[in-house]
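Data block below; observations after.
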Amino acid sequence: MRAPRDVLMDRDAWEFFAGAPDGRPVWASALDRAKPAFEDRTNGVMRTSALYNAALGRYFLATEHTAVDRGNIGIYEAPTPWGPWRTVLFESGFGAPHVEPNTFFWAFSPKWLGPDGTDFVLVFTGRDSNDSWNTVRGRFLTVE
């Protein structure tokens with residue numbers, strides 16, 4: 001959904017993403033016309049975060065799939081917030097055997113993106129031994 005910054009508290013100013021049938025977004029004022037910008041009907045979408053990486057000109061979305069608190073991570077990238085989305089990583093048991101597979105909610109930290117956008121820090125949490133602030137440093141490999 002979106003609204004002009006100066007009227008965020010005015011419900012009548014809000015518009016909802018209503019799909020992108022030809023690759024261009026359609027916006028509607030009626031909530032019942034809203035459509036998901038990302039969905040995975042087979043594996044589900046849970047505890048999701050998204051980031052725009054300006055240096056790479058790409059949106060990155062991280063979500064949990066299939067079952068909660070099991071380290072089942074999906075990372076996707078797209079040129080626009082409504083896609084088309086491509087899979088970067090789809091894994092079960094994130095970090096195993098070094099990390100107990102009970103993690104969830106992964107988010108790329110915009111503060112720790114490298115200047116060229118390829119270096120990143122992924123923040124995550126979990127249950128039990130991972131019920132804490134956890135980070136992993138990584139690098140996006142770009143393919144032309």
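If only one of GLY23, GLY19 is under 20 Å from ARG86 (Cα atoms), at pLDDT below 95 and either in contact with a strand residue (DSSP E or B) (Cβ under 6 Å, 6 or more places away or on another chain) or not in a helix (DSSP H, G or I) (or both), which one is it?
The conditions single out GLY23.
Out of the residues in region 101-121 meeting the condition of being more than 19 Å from LEU141 (Cβ to Cβ) and either buried (at least 16 other Cβ atoms within 10 Å of the Cβ) or not assigned by TED's automatic domain parsing to the domain that holds VAL68 (or both), tell me which one is nearest to the chain's Cα centre (by Cα).
The extreme case among them is ALA107.
How many residues does region 50-85 hold that are within 12 Å of the chain's Cα centre (by Cα) and either among the charged types (D, E, K, R) or in a strand (DSSP E or B) (or both)?
Number of matching residues: 17.
Being out of contact with any Asp or Glu (no Cβ under 8 Å at 6 or more places or on another chain) and loosely packed, with under 12 Cβ neighbours inside 10 Å is the filter; apply it to region 122-134 and report the residue that is nearest to ARG58 (Cα to Cα).
TRP133
Quick check on my filter: what residues within region 36-48 are over 11 Å from the mean Cα position of the chain (by Cα) and surrounded by 14 or more Cβ atoms within 10 Å (Cβ to Cβ)?
Answer for region 36-48, where residues must be over 11 Å from the mean Cα position of the chain (by Cα) and surrounded by 14 or more Cβ atoms within 10 Å (Cβ to Cβ): ASP40, ASN43, GLY44.
The values are calculated or read from the model by the stated rules, or taken from the named source; none is laboratory data. These numbers were taken from a predicted model, which means no experiment stands behind them. Cβ atoms come from the backbone with ideal geometry, glycine included; neighbour counts cover every protein chain shown.
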